[in-house]
Amino acid sequence: MEEITFKAVLWGYIKQKCKVLILFAIFSLLFFVVIAFYQLHAEAVLYATALCLSVGLIWGIVDFCHYYKRHKALYEMRDKVDVDIEKIPLPHNLIEQDYMDLISAVHEDKIRRITEYDHLTSDMIDYYTMWAHQIKTPIAAMRLLLQTEENTNNKELLSELFKIEQYVEMVLSYLRLDSNSTDFVIRQYPIESIVKQAVRKYAPLFIRKKIRLDLKPMDQQVLTDEKWLVFVIEQILSNALKYTSKGKITISMEGKTLLISDTGIGIAEEDLPRVCEKGFTGYNGRADKRASGIGLYLCKRILTKLSHTIAIESAVGRGTTVKIGLDELETL
């Protein structure tokens, strides 16, 4: 909110004291009427009126200074009132005290609601975190059972099971990202090792879809968090494989920028500015009813926390290139 100007404060003060000024004018007029009615000399009343105006002006200046200081104090409290209302200037009259009591009651109710919401949110996060960890056990058991016998049905089921694992990892990452104890470990890592971790995970899908991988040599060291950057690359590879039916996926480095390019269906130009928004699926997502619009949103949030950048270039029918800037990390 824009700060109120001195002129606006002065005008507000005059409006507040308007009744007093009108009353003073009425009293002065009454004195002049009485003097005129009795045909008396007006000099005494004029002199008394001038004295009253002088004293009133001095009083008004002092009172306006206090008024202006209170305004400044209340204005500066706006950004802190959600934490502490005890520093609000003390009320000067009964009406101000009533407003102060009302503010205190609203503030206490707000704090109570925030506390209740925090407890509910904490319980929900704990439950979903526990669920995500527990569901990994039956998933691992199902994978072992499906791998005991190789046939077409089992391969299809393993492919679907892999998607379930990805969704579970996405849930865990979402929960961890919003927690106060996000386990970032920042140090220098070889980018090629990080990329290969993600590639190995999706190797079966590359083979199954017959998509060629063009992995360029990368000998750079980057300052980042290995686990979270691997997750980001996995999400981008997942999208690339989902929307690429033939051709190849290329991974390379240009300076400190990681490029992941595919020859897939591409992204509509009007969708590009919003692809990293939460829940936004765009034209491709509307065609693929299973799209959630969470993957790139998580990538954007993670990279922002790591002080990295993400940019996406695409054209319909010509593929997509995701650029991850890895030279921006300063402090968390």
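The values are calculated or read from the model by the stated rules, or taken from the named source; none is laboratory data. Please read all numbers here as calculations on a predicted model, not as lab measurements. Note that each Cβ is placed from the backbone with ideal geometry, even for glycine, and that neighbours are counted across all protein chains shown. Only protein heavy atoms, including side chains, enter the accessible area calculation; ligands, DNA and RNA are left aside. Shrake-Rupley method; radii C 1.70, N 1.55, O 1.52, S 1.80 Å.
Here are some notes:
- When region 293-322 is limited to residues that are in a loop (DSSP other than H, G, I, E, B) and out of contact with any Asp or Glu (no Cβ under 7 Å at 6 or more places or on another chain), the one that is most open to solvent (accessible area, probe 1.4 Å) turns out to be 318.
- For region 138-197, the set of residues classified as more than 30 Å from residue 216 (Cβ to Cβ) and small (Gly, Ala, Ser) consists of 140, 141, 179, 181, listed by residue number.
- Residue count for region 181-193, restricted to those that are of a type outside the set (S, T, N, Q), touching a strand residue (DSSP E or B) at 6+ places or on another chain (Cβ under 8 Å) and either open to solvent by 40 Å² or more (accessible area, probe 1.4 Å) or outside any strand (DSSP E or B) (or both): 6.
- A single entry from 203, 240 fulfils the requirement of being of a type in the set (Gly, Ala, Ser) and touching a Ser or Thr at 6+ places or on another chain (Cβ under 9 Å): 240.
- Screening residue 152 on (1) without any contact (Cβ under 8 Å) to a residue 40 or more places away in the chain; (2) under 17 Å from residue 231 (Cβ atoms) shows it passes everything except condition (2).
- Picking from residues in region 82-122 that are more than 28 Å from the chain's Cα centre (by Cα), in a helix (DSSP H, G or I) and hydrophobic (A, V, I, L, M, F, W, C), the one that is farthest from residue 72 (Cα to Cα) is 105.
- Hits in region 205-255 - residues which are part of a helix (DSSP H, G or I), of a type in the set (A, V, I, L, M) and surrounded by 14 or more Cβ atoms within 10 Å (Cβ to Cβ): 205, 229, 230, 232, 233, 236, 237, 240, 241
- Taken over region 1-29, the residue count meeting the criterion of being open to solvent by 100 Å² or more (accessible area, probe 1.4 Å) and either outside any loop (DSSP other than H, G, I, E, B) or modelled with pLDDT of 75 or more (or both) is 9.
- Whichever residue in region 38-76 is of a type in the set (Asp, Glu) and under 27 Å from residue 7 (Cβ atoms) and, among such residues, is surrounded by the most Cβ atoms within 10 Å (Cβ to Cβ): 63
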